[in-house]
Structure formats: structure tokens, C-alpha cells
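Readers should treat all values here as calculations from the given coordinates under stated rules, not as data from a laboratory. Note that this is a predicted model, so its numbers are computed, not measured. All Cβ positions, even for glycine, are placed from backbone atoms using ideal geometry, and neighbour counts span all protein chains on display.
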């Protein structure tokens, strides 16, 4: 008995450096498995069933996915997600431009930083409401400005041609602020000696930015790309608040289409909603995998 007790401390001391990190990671890994990995596999399993969320699950195999192929609303949502993805990436260069401006030492820079930081701390629901009023045909600032310039009013959120772009513009406001924060952090970590050496060699302006500053901002750019792509693909809150997918479903995206089919008064088709969620998850994984592979290849070549 004494020998068994004395051997336990020896095992811990011998493997302490290997076991300690895993003990610290264990709570986080457990939460990740329970709240991320398990729901992912549950969603995939549910997508093979016809289920209303309360009754018995009926196995239908790939039936939900076959139905998606013939669903026009699915293609409308997918097209809108692609538009979101392309235009949402504008927040990255916009955030970089704002960060470069705010990194200067000028009078009132703290006030400017507060104003640009403000969109990041407010809720997406509040952003949606603000832009809904901004676009309102009767009293909205945008509509009044458009009427003053062209003599005509345009109901942005009620027009099939402009509604998606109007919602994306609302989303770009806080997303640009987020990218700005990432780049401001990156700019604070830039090696000043490299910048000074480049200036002594005659580099300035765009050349200095492209060849010296941007390479050192690669980690911030990677995070901004990943977060922006994920944000564009799961753009639910703004669509829900501003248009509820209208007019006539022309502004809905995959995340809102999933909610409408699975949880709204029009749906309770959990299996069909899960199939949409799986498709959205696969699209996200494709982009994230591409980013990670590119980052790893760049690190190997560096």
C-alpha cells in the first residue's frame, strides 16, 4: 500500500509538463465537444429524417437533399449568400484604410477612434433598426437625400432589385469596425526598424504599404478573412430584423431560409432545416479549409 501511494507523485512529477497543458485544456475541450461537435453530428443525422421536432423521426435518407435541388427558394438564398460573400469582403480593405488613418498622430484622434469603434459595440438588431429607419421612404435620411438628388424616392427594402444590397450595406458598417480593430492591433506590433530601413531605401506610400506593412499584417488579414466569410454566410439577424426575407423571399439567405423551414410558423420541418444547415456548414468548411491550407503553405515557404 505504501509503495502504491509513493509511486503516484513520481508519475505526476515525471509527466507534469505533458499532462498540465491537457488539464488546462480539458474544460474547454469538453465544452467544445458537447456544444459544437455533438450538435454538428446531430444535425447531420436529423437531415436524413422527416421530423416536426416533437413526433417520431421518419427515415427518408437523402430525400431532404433531393428536395433542395428542386427548391427555387434554396437557389435564391444561395445566390444572395454569394452576393453577401463577395461584397462583405469590402470590409477588409475598408477596415485597413480606417486603421491606417487612426494610426496617425493627429488632433482629436481619440474622438475619431471612438466614433469608428462605436458600430462594433452595438447589437446587430440595433444596426438593423437604424438602417431600416435610414431607408424608410417617408422620413429616412437616405430616401430624402435620394429624392433631393434625383427627384424620386426608392423604397430600398421593398424593392427586389436593391433589398439585398441595402442589407449588406448595413452589415458592412459594424464589420468594417471589427476589421479596423484587428488591423489597429496588427499595426501596433509592426517592427519599426523594418519601416525605417525601407524609408532609408526610398520606399514610401503604396510601396511601403505593399512590401513592408502588409506582410507584417498577414495574421490580422487571415483572421479578418475568416471572420468576414463566416459572418457573410451566417447573416441571419439583419435579414430577420430588416425584411424577414422579403419582399416575396427575395432577400432571404441560407441561415434565414433554414430558420423559416425549421422553426417559423411556416415550417416545423426540422429535417429539411437541418439539411439546409448541413449545406451551409459545408460551404463554410470549404472556405475555412482553403484559408488554413493557404496560410500553412505560406508559413512553409517563409
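Using C-alpha pairs under 8 Å with a sequence gap of at least 6, the mean separation divided by the residue count of the chain gives a relative contact order of 26 percent.
By how many nm would the segment from residue 188 to residue 115 lengthen if fully extended, with 0.36 nm per residue of separation less the alpha-carbon distance?
Details: separation 73, 0.36 × 73 = 26.28 nm, distance 1.97 nm.
So the chain would gain 24.3 nm between residue 188 and residue 115.
In the frame of its principal axes, the range 71-268 has Cα extents of 64, 40, 27 Å, reported largest first.
Based on the Cβ-Cβ distance from residue 97 to residue 38, what FRET efficiency comes out when R0 is 45 Å, to the nearest 0.05?
On the way: r = 42 Å, r/R0 = 0.93.
Given R0 = 45 Å and the Cβ-Cβ separation, E is 0.60.
A full extension of the chain between residue 106 and residue 264 corresponds to an added length of 51.8 nm, given 0.36 nm per residue minus the alpha carbon distance. Taking a cut-off of 24 Å, what percent of all Cα-Cα pairs in the range 177-302 are separated by more than that? Everything past 24 Å amounts to 50 percent. A Gaussian network model of the chain, with springs between Cα atoms under 10 Å, assigns the largest mean-square fluctuation among 192, 174, 119 to 192. Considering the range 69-134 at the alpha-carbon level, its Rg and Dmax are found to be 17.3, 59 Å. Inter-label distance, residue 14 to residue 288: 3.9 nm, where each label sits 7 Å from its Cα along the C-beta direction. With each label modelled as a point 7 angstrom along the Cα→C-beta vector, the residue 126-residue 75 pair spans 4.1 nm.
Once the chain from residue 237 to residue 22 is taken as fully extended at 0.36 nm per residue, the excess over their C-alpha distance is 73.7 nm.
Apply 1/(1 + (r/R0)^6) to the Cβ-Cβ distance of residue 159 and residue 298, taking R0 = 45 Å, and write down the FRET efficiency to the nearest 0.05. If you can, show how the numbers build up before the last one.
Details: r = 43 Å, r/R0 = 0.95.
E(calc), rounded to 0.05, equals 0.55.
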